[in-house]
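K.L.:
Pasting a structure here, questions to come.
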Amino acid sequence: MTKKPVLLVTGARGQLGRCFEALAPHYAEWTFLFVGPDMLDIADRRALRRFWEANRPDWCLNCAAYTAVDRAESEPYLAWRTNTLGPRCLAEICAQNGTALVHFSTDYVYHGRHNLPLEEDSPTTPRGVYARTKLAGDRAVLRHHPQAGMVIRTSWLYSPYGNNFARTILRLGRERSELRVVFDQVGTPTYAPHLAQAVLHIIALLDSQRLPPNTAAGIWHYSNEGVCSWYDFAQTVADLKQLPCRILPIRTAQYPTPAPRPPFSVLDKAKIKAAFSLEIPHWRKGVEQWALENVE
């Protein structure tokens, strides 16, 4: 009997990890392993060796990340350990065992005053601890697992689970009569179930040998299609959920935060769409789906 490919998902309690878990029952041809930090410390090389010896995963989807952007400014070690050291250790163990690695990264590695969609080779100019540690993690994956290390940079991730912008707007919009949201930061929301579905589609193509094994190596962009500001995103959530509060546009300078946010981080997805025959939904379709599926 042929052994099913084993897909390990780290950071399984986060919103992207939970999206993979929700999709897993639809992929009976694979065995999924979901682990949180209490089950596997990705920055502990000994723990990783023991886990690999026991489970022999064929794929590792690294959803583990320190994502408290502002708190990272006062907790740089914790951010570095999860966002930089962890991906490096995973890349090393994956390379040693022939495990393909998918590592998820962020639009925060780009921080320039441009107005054209960012390509995978666009200059990286991270500002803040979160952005710098994520970029260092990307580079560690590419350096230590060059043959089968896939880095997917995404933006404005939200889902029916956990803490994210859409759920925050939903909660505050029910508690307050007025919300002020920045309109001069532009990007694209990414509905996490769409990202998870795209990744599983890519793995299916590679596992079926319809594409060469090293096709996925390198940096890729994935977000939903289209462009909006955080204000537009918030207003769409308010409209779809019929929130009674007013959404007012403000400038970034009126809402200072410890960590700076990219003013423009629209990602160009031409590369991933062409390589893997992906059709990516518009961001508003994602919000509409979220509005129907959101776990409240």
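The values are calculated or read from the model by the stated rules, or taken from the named source; none is laboratory data. Since this is a predicted model, take the numbers as computed values, not measurements. Don't worry about glycine lacking a Cβ; one is built from the backbone with ideal geometry, like all the others, and counts go over all protein chains shown. Ligands, DNA and RNA are excluded from the accessible area calculation, which covers all protein heavy atoms including side chains. Shrake-Rupley method; radii C 1.70, N 1.55, O 1.52, S 1.80 Å.
K.L.:
Which one of L78, L116 is hydrophobic (A, V, I, L, M, F, W, C) and either touching a Gly at 6+ places or on another chain (Cβ under 8 Å) or under 21 Å from D41 (Cα atoms) (or both)?
P.N.:
After applying the criteria, what remains is L78.
K.L.:
With the checklist (1) at pLDDT below 95; (2) more than 24 Å from V237 (Cβ to Cβ) in hand, flag the one item A140 doesn't pass.
P.N.:
Single failed check for A140: (1).
K.L.:
Hey, does the stretch 280-295 have a residue that's farther than 23 Å from T106 by Cα, of a type in the set (V, I, T), open to solvent by 70 Å² or more (accessible area, probe 1.4 Å) and over 16 Å from the mean Cα position of the chain (by Cα)?
P.N.:
yes
K.L.:
Please state which one of E75, E21 is out of contact with any helix residue (DSSP H, G or I) (no Cβ under 6 Å at 6 or more places or on another chain), under 18 Å from A204 (Cβ atoms) and modelled with pLDDT of 95 or more.
P.N.:
The match here is E21.
K.L.:
Looking only at residues in the stretch 93-128 that are in contact with a helix residue (DSSP H, G or I) (Cβ under 7 Å, 6 or more places away or on another chain) and surrounded by fewer than 17 Cβ atoms within 10 Å (Cβ to Cβ), which one is farthest from V69 (Cα to Cα)?
P.N.:
N97
K.L.:
Keeping to the stretch 93-115, report how many residues are in contact (Cβ under 8 Å) with a residue 60 or more places away in the chain and either in a helix (DSSP H, G or I) or over 21 Å from L195 (Cβ atoms) (or both).
P.N.:
Number of matching residues: 7.
K.L.:
If you scan the stretch 271-296, which residues turn out to be in a helix (DSSP H, G or I), in contact (Cβ under 8 Å) with a residue 24 or more places away in the chain and not β-branched (V, I, T)?
P.N.:
K271, A275, F276, W283, R284, K285, G286, E288, Q289, W290, A291, E293
K.L.:
Moving on. I'd like the full set of residues that are open to solvent by less than 30 Å² (accessible area, probe 1.4 Å) and part of a loop (DSSP other than H, G, I, E, B), limited to the stretch 69-87.
P.N.:
V69
K.L.:
For L90, state whether it is among the hydrophobic types (A, V, I, L, M, F, W, C), outside any loop (DSSP other than H, G, I, E, B), within 18 Å of L8 (Cβ to Cβ) and free of Cβ contacts under 8 Å to residues at least 60 places away in the same chain.
P.N.:
So L90 fails the test.
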